[in-house]
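Written below as structure tokens is the structure these notes are about.
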Amino acid sequence: MADTATAQEFDILVLGGGSGGYAAALRAVQLGFTVGLVEKAKLGGTCLHNGCIPTKALLHSAEVADSARSAEKYGIKATFESIDMTAVNAYKDGIIAGKYKGLQGLIKAKGITVIEGAGKLTGHNTIEVDGTTYTGKNIVLATGSYSRSLPGLEIGGKVITSDHALTMDTIPSSAIVLGGGVIGCEFASVWKSFGVDVTIIEGLPSLVPNEDAVIVKNLERAFKKRGIKFNTGTFFEKVEQSDDGVKVTLADGKTFEADLLLVAVGRGPVTDGLGYEDAGITLDRGFVITNERLHTGVGNIYAVGDIVPGLQLAHRGYQQGIFVAEEIAGLKPVIVEDVNIPKVTYCEPEIASVGLTEKAAREKLGDDRVETQEYNLAGNGKSSILGTGGLVKLVREKDGPVVGVHMIGTRMGEQIGEAQLIVNWEAYPEDVAQLVHAHPTQNESLGEAHLALAGKPLHG
């Protein structure tokens, strides 16, 4: 980290050095503010150290393993021998170390004062760190999230969270993943590629329940084809541990056994014991309640990132951190609603989505005001080269803009950039149809889908 603080008064004092906190700090110094950034662990937070970056490194190792297994299909003589977790972890940790060093250098170069230690809000403009009080004309709360469990489900032994899963030096022969959302599906995907017998338990009726129905159907079909088992629609009741592993019982009495249980039921806000409520800030189930401008309603205190109800995504944290710095500067930044923030689930196949699902669009606009279009990746040259199936689905307001883009397929997460521009700039299919999409790319599938929705399909 940068040197521990000597100054004690700042224009902006940020509590938490993760995605939201350090983005707020960087934008604030650009705008001419003095900034103190309080962090008890390492700059970069969950995303860099035990979230986005390490999980995606594991997923890339998993992709390489699958490529080795299927090499002969592509005319390459190669054999898959085994997974060396020591080497996988060294690769993963090397990526993290490089990004961490770069972030430390950036923060120091920008003149941000890093205050090392556990901070606590002690007033409308004060934060105490290890007995020293620091003052900020404005305060930004960015204390992030932790891996949640369920009531009565104790973490320990053979019951682990994603934090533990990222540091394992051995591979279990079998695993149960409790939770079929983003985190659960990503780890199930990694482990299956590593040769683990995986079963997902999801209490809701489907995997990735927040995605469009056609995406859910495609993912479940793809997971079945890969041999990833899942049980949906029945809630978890209990887990028993023994020397041999774990036994999971569901509410209907059905049981599953495996070497270990990964609890992936979401992330909770880190707000307990930090003085928020004592300062008059409203909490709901631990989350900080703000207005649409991310102000808490108390003093000049704002909140960003995972502690604010809504999507728990690093890039949402970045955006909110930038937003708050600009709000404090009086720039009146534009609000980006959660529905228009891009989402990617990096399992195999990847899911990428932004905007309204068809169901949500029909609920908001009315059944007669919604049009949809699907383009199957079977017609896309680059997808055929990669050996992936999948689709692009567009949701449009009738005679109006595209309000949702939903995609599934190997590497389709890389197409989310254009998709979020389309939705956020309220583009009409006719606007996108006239753009040139390079051939052969998976990006063409977006162009083809919009051509079809505009009434002039080229390859369909």
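The values are calculated or read from the model by the stated rules, or taken from the named source; none is laboratory data. These numbers come from a predicted model, not from an experiment. For neighbour counting, all protein chains shown are included, and Cβ atoms are generated from backbone atoms with ideal geometry for every residue, glycine included.
Key figures
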quantity	calculated
Selected residue [surrounded by 16 or more Cβ atoms within 10 Å (Cβ to Cβ), basic (K, R) and under 30 Å from T167 (Cα atoms)] from K108, K120, K99	K120
Residue check for F256: assigned by TED's automatic domain parsing to the domain that holds G179, assigned to a strand (DSSP E or B) and among the aromatic types (F, W, Y)	yes
Unique match (being surrounded by 16 or more Cβ atoms within 10 Å (Cβ to Cβ), in contact (Cβ under 8 Å) with a residue 40 or more places away in the chain, not hydrophobic (A, V, I, L, M, F, W, C) and not assigned by TED's automatic domain parsing to the domain that holds V392) among E202, E220, E211	E211
Scan of the range 326-339 for residues that are within 30 Å of V35 (Cα to Cα), of a type outside the set (D, E) and surrounded by 14 or more Cβ atoms within 10 Å (Cβ to Cβ), ordered by number	I328, A329, P333, V336
Among (1) surrounded by fewer than 22 Cβ atoms within 10 Å (Cβ to Cβ); (2) in a helix (DSSP H, G or I); (3) among the polar types (S, T, N, Q) - the single one N231 does not satisfy	(2)
Elements of type helices (runs of 4 or more DSSP H) contained in the range 1-112, each with 1 or more residues being of a type in the set (F, W, Y)	19-30, 85-109
Candidates A28, A65, A87, A78 - the one that is of a type in the set (A, V, I, L, M), more than 30 Å from N138 (Cβ to Cβ) and surrounded by 15 or more Cβ atoms within 10 Å (Cβ to Cβ)	A65
Those residues of the range 344-369 which are without any contact (Cβ under 8 Å) to a residue 60 or more places away in the chain and surrounded by 14 or more Cβ atoms within 10 Å (Cβ to Cβ), in sequence order	L356, A360, A361, R362, L365, R369
Any hit, the range 300-319, residues being touching a His at 6+ places or on another chain (Cβ under 7 Å) and crowded, with 21+ Cβ neighbours inside 10 Å	yes
Selection within the range 170-186 - closer than 27 Å to G413 by Cα and touching a strand residue (DSSP E or B) at 6+ places or on another chain (Cβ under 7 Å)	A175, I176, V177, L178, G179, G180, V182, G184, C185, E186
Selection within the range 349-368 - closer than 17 Å to V423 by Cα and either under 16 Å from the mean Cα position of the chain (by Cα) or charged (D, E, K, R) (or both)	I351, A352, S353, V354, G355, E358, K359, R362, K364
Single residue of the range 133-155 satisfying the filter (over 23 Å from the mean Cα position of the chain (by Cα) and modelled with pLDDT of 95 or more) that is surrounded by the most Cβ atoms within 10 Å (Cβ to Cβ)	I139
When residues of the range 279-324 are limited to those that are in a helix (DSSP H, G or I) and in contact with a strand residue (DSSP E or B) (Cβ under 7 Å, 6 or more places away or on another chain), the one farthest from N210 (Cα to Cα)	V324
For A438: the one exception among (1) surrounded by fewer than 23 Cβ atoms within 10 Å (Cβ to Cβ); (2) within 19 Å of K217 (Cα to Cα); (3) of a type in the set (A, V, I, L, M, F, W, C)	(2)
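Quick grid of which residues meet (1) at pLDDT below 95; (2) among the hydrophobic types (A, V, I, L, M, F, W, C); (3) in contact with a Phe, Trp or Tyr (Cβ under 8 Å, 6 or more places away or on another chain):
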| site | (1), (2), (3) |
| --- | --- |
| E220 | no, no, yes |
| G227 | no, no, no |
| F236 | no, yes, no |
| Q241 | no, no, no |
| A258 | no, yes, no |
| Y276 | no, no, no |
| A279 | no, yes, no |
| T296 | no, no, yes |
| P309 | no, no, yes |
